[in-house]
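Please read the structure below before turning to the comments.
The values are calculated or read from the model by the stated rules, or taken from the named source; none is laboratory data. Keep in mind it's a predicted model, so treat the numbers as computed, not measured. Positions of Cβ are backbone-derived with ideal geometry, glycine not excepted, and every protein chain shown enters the neighbour counts. These accessible areas exclude ligands, DNA and RNA; they are computed on the full protein's heavy atoms, side chains included. Shrake-Rupley method; radii C 1.70, N 1.55, O 1.52, S 1.80 Å.
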Amino acid sequence: GGGAAGSVQELADQADAIALIKAGHSSNSEHDPRRALACFEAAYTLSPQVPTLISAANMQLKNSRCGAAIAMYRHVLDDSAHADGDLNPRHRAIAQRKLREAEDLASALRRTAAKLSSRHDEALAKRTQREAAAAAAAREAEEAASRAAEAAAAAEAERKGKGLPPPLPTAEELSVLLAEQARSLLRTSAARRWECRLQKLELHAALHDLRPAQLVELTELLYQDAVLEATVFAPAFAPYASAETLDSVLRLWSGRWRAVSSSAMEHLQDAALSASDKMDALGEWAPLWPPLESLNRLYVARGLPRLADVYG
């Protein structure tokens, strides 16, 4: 009774083990060594066979678990672990070859880890040095600024005590002041000219409901101002202000132009418009395209975004 039941259970375990081994080889073929390892280990638990243990060790190696793989290969090669006598020569040869592979890989991984650790330490040391140097430089700059401020305060007190006039700015200070003044003057002038254009066209009361003729005239005037800015004012102020100053003026105008023309542009680009309605709208706004495209070309030549793409 008990022996027969045991034999039946062993047969069932062997059948399950065979199914798991097949599943393990299939998972390995599908490049899933983690699942294959689980299958081989489960099969070995049900039916401890040397080929199954070698397969499990192989999957450990594929998963870069060198220590576990080495231990399993050594267990296979341990004659005392085999109750049924000597190890099959073929299995021994496979285990020996795979053991060497695992040991070689473990050595390579240790060398790589050592190199990475060394590089990490070097990088950390360099970063620490850079941070220390930056902190030292910041302290020196702060101390220098403090000394300069103290010296300036002392000089100012001495000047006042002697009743002397204030010192003239240095060439560098004067250059900075002139650049700031030029930027401020150009931007203030640009904002004032925009307001003058709106006043001339009497647009303040209807900025978001422009008629075609109003936006056309505003765009023409803006193009004239942009050309004047690029050909007259910018060259005149070039010794004091950078090209970025001109670009900031053009960006100021483009932002304001988009704000006042947003309703018209949205209407022209409305996807819900029928083909005939869109053609009518485009025809109504046709006088806008030449000055707008001239402005677009001027902006693109400066490396700035186009004001609008009606057909986009």
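Tabulated data
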item	result
Failed item in (1) over 24 Å from residue 12 (Cα atoms); (2) of a type outside the set (Asp, Glu); (3) open to solvent by 30 Å² or more (accessible area, probe 1.4 Å), with residue 106 passing the rest	(3)
Given (1) in contact with a Ser or Thr (Cβ under 8 Å, 6 or more places away or on another chain); (2) modelled with pLDDT under 85, number of the condition residue 105 does not satisfy	(2)
Pairs with Cβ under 9 Å, 6+ apart, first in the range 89-107 and touching a residue at least 12 places away in the same chain (Cβ under 8 Å), second surrounded by fewer than 13 Cβ atoms within 10 Å (Cβ to Cβ) and charged (D, E, K, R)	92/86
Residue 29 being at pLDDT 90 or above and surrounded by fewer than 17 Cβ atoms within 10 Å (Cβ to Cβ)	yes
Test result for residue 92, over 30 Å from residue 240 (Cα atoms) and in contact with an Asp or Glu (Cβ under 9 Å, 6 or more places away or on another chain)	yes
Leading residue by the ranking (modelled with the highest pLDDT) among those in the range 1-17 that are more than 60 Å from the chain's Cα centre (by Cα) and of a type in the set (A, V, I, L, M, F, W, C)	8
Where residue 133 falls short, out of the listed (1) under 37 Å from the mean Cα position of the chain (by Cα); (2) part of a loop (DSSP other than H, G, I, E, B)	(2)
Evaluation of residue 54 against (1) part of a helix (DSSP H, G or I); (2) open to solvent by 50 Å² or more (accessible area, probe 1.4 Å) (one fails), failing number	(2)
Every residue from the range 193-226 that is open to solvent by 100 Å² or more (accessible area, probe 1.4 Å) and modelled with pLDDT of 90 or more	224
Members of the range 277-312 that are of a type outside the set (Asp, Glu), open to solvent by 60 Å² or more (accessible area, probe 1.4 Å) and at pLDDT 70 or above	287, 290, 297, 300, 301, 302, 303, 305, 306
Test: residue in the range 176-191 that is surrounded by fewer than 11 Cβ atoms within 10 Å (Cβ to Cβ), more than 30 Å from residue 66 (Cβ to Cβ) and charged (D, E, K, R)	no
Selected residue (criterion: nearest to residue 219 (Cα to Cα)) from residues of the range 257-276 that are modelled with pLDDT of 70 or more and open to solvent by 80 Å² or more (accessible area, probe 1.4 Å)	258
Verdict on residue 146 being closer than 30 Å to residue 246 by Cα, in a helix (DSSP H, G or I) and of a type in the set (Ser, Thr, Tyr)	no
Among the residues listed as 119, 111, 127, the single one being free of Cβ contacts under 8 Å to residues at least 12 places away in the same chain, farther than 30 Å from residue 50 by Cα, open to solvent by 70 Å² or more (accessible area, probe 1.4 Å) and more than 29 Å from the chain's Cα centre (by Cα)	111
Test for residue 249: is it closer than 16 Å to residue 188 by Cα, part of a helix (DSSP H, G or I) and at pLDDT 85 or above	yes
